[in-house]
Amino acid sequence: MSTTSDPAGSLATRSHSTTSAHGLRRRAWPLWASAAGILGLVGTVVLDARPPAETEAWLTGEDYLVTAADVLTVDPLLNRLGWTAGLLAVAALLVFQAVWRRAVDDRFPSAAGKVVSASVIATAAAGLLGYGWKGALGNYLGPEVGMYDESGLFVYYILTDFGAYFPWFAMVVAAFAVAWMAFRERLVSRILGGVSVVFALGLTALTFGTGVPGLPATLMPLWLTILGVWLAVGRSRITWPETAR
């Protein structure tokens with residue numbers, strides 16, 4: 001009985017495995033957007049800290065006048081957790097912008113692609129302030145309680161009221177840009193472009209129609225999550241290798 005080895009076959013197998021791993025890494029970069037979307041939704045909406053009396057009144061459909069005294073009843077842990085998730089979202093946004101620039105801005109002459117980059121940076125920059133105020137309020141209600149009186153804490157609370165919500169309007173602009181990339185430039189899936197139009201137009205109409213500036217934060221993190229997953233597993237020119245363009 002004799003055995004023979006097949007160096008050529010082994011080499012081909014290793015080469016295929018290496019190519020597959022490289023392809024997986026190449027297609028995985030959009031998932032940074034999904035990570036930012038999930039963390040942003042948690043830090044902004046899920047961990048939104050309010051006085052218990054205000055929350056109870058909202059659940060029963062009643063109006064409630066929030067005063068400086070109510071701030072002392074806000075859970076500092078929720079603010080600190082929201083701050084943590086928010087900062088992680090900002091970090092994920094910055095990484096996503098960097099890989100988007102390498103994969104899209106440096107390869108395609110797309111003005112809309114650069115609008116997406118700018119929108120991501122704007123959301124991250126404004127988010128540093130919004131989530132930072134959440135962390136500061138959690139700190140002054142927790143480990144450093146007593147540093148400010150009720151009036152001072154109330155100022156921080158007002159800043160956190162919409163502070164983490166404002167930055168997400170820039171993602172509405174990004175959604176319009178992705179739609180342009182889909183239908184005009186044919187760089188991303190037209191299905192993704194259609195989803196982006198629905199989110200962008202719907203939230204623009206709701207925001208200006210109701211006058212509530214924080215509305216984009218309720219749904220745009222979800223859009224960002226969908227964007228990342230769709231680009232990672234779907235078919236879009238911006239995720240093709242150089243040779244397939």
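The values are calculated or read from the model by the stated rules, or taken from the named source; none is laboratory data. Since the model is a prediction, treat every value here as computed from it, not as a measurement. So basically every Cβ, Gly included, is an ideal-geometry build from the backbone, and we count neighbours across all protein chains shown.
What are the pairs with Cβ atoms under 7 angstrom where one residue, in segment 201-215, is in a helix (DSSP H, G or I) and the other, located anywhere, is β-branched (Val, Ile, Thr) and modelled with pLDDT of 95 or more? Sequence gap at least six, or different chains. Between residues of segment 201-215 that are in a helix (DSSP H, G or I) and residues that are β-branched (Val, Ile, Thr) and modelled with pLDDT of 95 or more, the close pairs are Leu203/Val172; Thr204/Val172.
Might you check whether a residue that is assigned to a loop (DSSP other than H, G, I, E, B), among the polar types (S, T, N, Q) and either at pLDDT 95 or above or over 14 Å from the mean Cα position of the chain (by Cα) (or both) occurs anywhere in segment 26-36? Looking through segment 26-36, none of the residues is assigned to a loop (DSSP other than H, G, I, E, B), among the polar types (S, T, N, Q) and either at pLDDT 95 or above or over 14 Å from the mean Cα position of the chain (by Cα) (or both). Which condition breaks for Val155 when tested against (1) surrounded by 17 or more Cβ atoms within 10 Å (Cβ to Cβ); (2) assigned to a helix (DSSP H, G or I)? That leaves (1) as the condition not met.
Select from segment 129-148 the residues that are hydrophobic (A, V, I, L, M, F, W, C) and part of a helix (DSSP H, G or I) and write down the one among them that is nearest to the chain's Cα centre (by Cα). I'd like the intermediate steps shown before the answer.
Pass one, segment 129-148, residues hydrophobic (A, V, I, L, M, F, W, C): 129, 133, 136-137, 141, 145, 147.
So of that shortlist, the ones also part of a helix (DSSP H, G or I) come out as 129, 133, 136-137, 141.
Numbers: Leu129: 15, Trp133: 18, Ala136: 21, Leu137: 22, Leu141: 27 Å.
Here the answer is Leu129.
Any idea which of Ala126, Ala92 is modelled with pLDDT of 95 or more, surrounded by fewer than 20 Cβ atoms within 10 Å (Cβ to Cβ), in contact with a Phe, Trp or Tyr (Cβ under 7 Å, 6 or more places away or on another chain) and part of a helix (DSSP H, G or I)?
Details: Ala92 fails: surrounded by fewer than 20 Cβ atoms within 10 Å (Cβ to Cβ).
Going through Ala126, Ala92 in turn, the sole match is Ala126.
The residues in segment 51-71 that are closer than 21 Å to Glu150 by Cα and either assigned to a helix (DSSP H, G or I) or touching an Asp or Glu at 6+ places or on another chain (Cβ under 6 Å) (or both) can be counted, and the count is 11.
Can you tell me which residue within segment 160-178, out of those that are of a type in the set (A, V, I, L, M) and either on the phi > 0 side of the Ramachandran plot or in contact with a Lys or Arg (Cβ under 9 Å, 6 or more places away or on another chain) (or both), is surrounded by the fewest Cβ atoms within 10 Å (Cβ to Cβ)? Outline the logic, then answer.
Kept after step one, since they are of a type in the set (A, V, I, L, M), are these residues of segment 160-178: 164, 170-175, 177-178.
Now restrict to residues that are either on the phi > 0 side of the Ramachandran plot or in contact with a Lys or Arg (Cβ under 9 Å, 6 or more places away or on another chain) (or both): 164, 177.
Values: Ala164: 30, Ala177: 22.
My answer is Ala177.
Picking from residues in segment 106-115 that are surrounded by fewer than 16 Cβ atoms within 10 Å (Cβ to Cβ) and at pLDDT below 95, the one that is nearest to Pro241 (Cα to Cα) is Asp106. Of all the listed residues (Phe162, Phe166, Phe183), the sole one being touching a Leu at 6+ places or on another chain (Cβ under 9 Å) and hydrophobic (A, V, I, L, M, F, W, C) is Phe166.
Quick check on Ala118: is it part of a helix (DSSP H, G or I), of a type outside the set (Phe, Trp, Tyr) and crowded, with 17+ Cβ neighbours inside 10 Å? Judged against the criteria, Ala118 is not a match.
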